[in-house]
Amino acid sequence: MTKTSTCIYHFLVLNWYIFLNYYIPQHGTDHERLKLFQDGVQSKYLTLLNLLLQAIFFGVACLDDVLKRIQGRKDIKFITAFRDLLFTTLAFPISTFVFLVFWSLFLYDRNLIYPKALDNVFPVWLNHAMHTCILPFSLVEVILRPHHYPTKRTGLILLAAGALSYITRVIWLHFQTGTWVYPVFATLGPLGMAAFFSLSYILSASIYLFGEKLNYWKWGDMMQPWTKRK
């Protein structure tokens, strides 16, 4: 049976992410929201897409917790498998990627990713809610509960599909509006963009593999890929 502390953790984090997904689009003046969220609102920024993804994951985790307490493990294998697949291939890699890339660019030259003018729109606590807290929440999830990873081929393909979808969205928005989602893209030529996106996927894949190792380190031989379990 799922531990009560794990259930409470999932419930609290779920509500935190629901709050952020509701609060951020409502924050600021009408003019500020129009400037920031035109041309696709959350689908424009990886940061906000990640917040939505985390809310979905922790929602599934909460559902899994509740059903296990009501029905037992055997009747909800599909939900458990979906929970693990969502966390291992998307929720953990993307939250870690957002944390690492955002703060690396921010410390190098914040104008490439988060211009100082945004400090007047988003307070410091909200910036950390979007770009800092996401990593410890994911790491705590690794510690609290084991997750079954798919085969490396399946996991990396799903991760690549997610990355390609977002890259396509970014390029399409540029052709539609003439502006880039993030200022860093405006400083790069075609080859620079290709290199940036390629290195971003390599980093994401490395994070995926690191998550798998971390999960194995914590939970050991009991963590077999779903395809190998009887």
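Things worth noting here:
- Here the gap between I143 and N111, fully extended at 0.36 nm per residue and compared with their Cα-Cα distance, gives a gain of 8.0 nm.
- Once the chain from S198 to Y23 is taken as fully extended at 0.36 nm per residue, the excess over their C-alpha distance is 59.7 nm.
- When each full DSSP H helix of the chain is screened for a Cα extent of at least 27 Å along its own axis and an average Kyte-Doolittle hydropathy of at least 1.0, the helices passing are 46-71.
- Labels on offer are (1) 16.8, 55; (2) 18.6, 56; (3) 18.1, 53, and the one holding Rg and Dmax of the Cα atoms in Å computed from this structure is (2).
- Rounded percent of accessible protein surface that carbon and sulfur make up, the chain, 1.4 Å probe: 70
- If the segment from W125 to K218 were pulled out straight at 0.36 nm per residue, it would be longer than the present Cα-Cα gap by 30.4 nm.
- Calculated [222 nm] ellipticity per residue, helices only, for the chain: -24000 deg cm²/dmol; basis is -39500 (n - 2.57) per DSSP H run with n ≥ 4, divided by all residues, nearest 500.
- Relative contact order, percent, the chain [alpha-carbon distance under 8 Å, six or more residues apart]: 25
- The stretch 85-132 and the stretch 145-162 have their alpha-carbon centroids 23 Å apart.
- Excluding ligands, DNA and RNA, the accessible surface per residue across the chain is 54 Å² with a 1.4 Å probe.
- For the chain, the dipole from Cβ point charges (+1 on Lys and Arg, -1 on Asp and Glu) about the Cα centre works out to 880 debye, to the nearest 20.
The values are calculated or read from the model by the stated rules, or taken from the named source; none is laboratory data. Keep in mind that this is a model prediction, so the values were computed, not measured. In this analysis, Cβ positions are derived from the backbone assuming ideal geometry, glycine residues included, and neighbour counts consider all displayed protein chains. For accessibility, only protein heavy atoms count, side chains too; no ligands or nucleic acids. Shrake-Rupley method; radii C 1.70, N 1.55, O 1.52, S 1.80 Å.
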